[in-house]
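Q: Could you have a look at this structure, given as structure tokens, before my questions?
Derivation of every value follows stated rules applied to the coordinates shown; laboratory data play no part. Every value quoted in this text rests on a predicted model; they were computed, and no experiment measured them. Every residue, glycine as well, gets a Cβ built from its backbone with ideal geometry; the counts of neighbours run over all protein chains shown.
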Amino acid sequence: MTTRQPSDRFEVSGSAGSKQTLTLSVANFGYAAKQIVIKPLNAMTTASGTLGYSASRPLAAATSVTQLVKSQTLTLLPQTSKEVAIPITLPAIAFDGEVLGAIAVQIDQSLLPEDRGQITVPVAITMTDRLPEFNPTVGTPISSMDKQHPWLTIPVENRQARTMRHVKVTLKVQEQHWWNRFVAPTVQQVTMTNVTIAPNSVLPLKVKAPGNRFESSYQVSGTIQAGSQTWPIKQVLHPNAEAIADFNRDLPWPWTIWATLIGVFLGIVVLVAVIRYWWLFRK
């Protein structure tokens with residue numbers, strides 16, 4: 001059983017159910033008493049492909065830092081410092097891989113712009129030497145509007161308790177209606193390189209939706225690469241139906257619908273003309 005406090009992070013490892021204590025030094029160099037909140041955060045992946053921290057529960061995780069560490073509140077008098085003990089009890093059942101998070105020190109229970117009111121100390125927790133295999137997938141896309149154009153946020157999911165580093169993601173997004181399948185496919189492609197995906201987290205990959213309206217389904221294909229491994233991606237994804245219906249009310253109809261209507265109208269005209277010619281010819 002070991003607990004280390006390097007200059008940049010806590011590293012914790014131990015057996016199932018073991019109790020440990022992290023020690024954090026906090027100081028108030030101001031001239032007024034300050035209320036300090038010490039709280040746990042879980043690792044997450046930012047939209048730019050870097051590690052970040054939030055209170056949200058990790059994806060498909062057996063445990064998390066926010067489950068293992070409790071928040072504390074204390075008052076620091078001016079020009080004083082204090083050693084704070086942070087107890088942590090490891091899960092009763094050992095897990096493979098790693099759990100990442102941070103201990104956040106927050107002043108006055110409020111965040112200032114650019115997180116200047118919060119300091120985070122990363123925490124890494126392990127219980128075995130075994131690491132699960134990577135198996136990245138993509139989940140249900142989230143629809144949004146930006147400058148009157150539809151966008152999709154495609155979640156690239158890492159459901160394993162293992163950090164994915166130096167990842168390259170290349171995805172193509174194509175509408176799933178008949179015009180794009182057989183006539184004139186419209187494809188949007190997005191690529192991100194040197195990405196780090198936290199354990200049990202999602203990389204929110206934003207891509208401009210093909211066309212000028214949301215469709216009920218999209219085909220997403222491409223690859224996710226990490227080191228020498230490559231995972232092919234080919235799935236049909238369906239955004240939330242109610243959300244896209246709300247967005248589409250304020251968007252113009254795509255030209256493919258007008259082309260289809262005109263084609264149907266011309267087909268009816270031709271059919272009527274053929275039937276009339278055949279009828280006259282028979283007479």
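Q: Would you calculate the separation in nanometres between label points at Y277 and N135, each defined as 7 Å from the Cα along the Cα-to-beta-carbon direction?
A: Rounded to a tenth, the inter-label distance reads 6.1 nm.
Q: Here's something else I'd like to know. Could you calculate the contour length gain from H149 to T23, that is, 0.36 nm times the residue separation minus the distance between their Cα atoms, to one decimal place in nm?
A: 40.4 nm
Q: Still on this structure: So what is the relative contact order for region 13-68, in percent, with contacts set as C-alpha pairs under 8 Å and at least six apart?
A: So the answer I get is 23 percent.
Q: Next question, about the same structure. Can you tell me what the convex hull of the Cα atoms of region 2-126 projects to on average, as an area in nm²?
A: Working: hull surface 32.9 nm².
Hull-based average projected area comes out at 8.2 nm².
Q: Tell me the net charge near V202. Cut-off is 14 Å between Cβ atoms, V202 excluded, with +1 for each Lys or Arg and -1 for each Asp or Glu. Could you put the intermediate results ahead of the total?
A: Numbers: positive: R57, R159, K206; negative: E157.
Surrounding charge for V202 is +2.
Q: Another question, if that's okay. With charges only on Cβ, +1 for K and R and -1 for D and E, what is the dipole size of region 2-126 about its Cα centre, in debye, rounded to 20?
A: Rounded to the nearest 20 debye, it is 280 debye.
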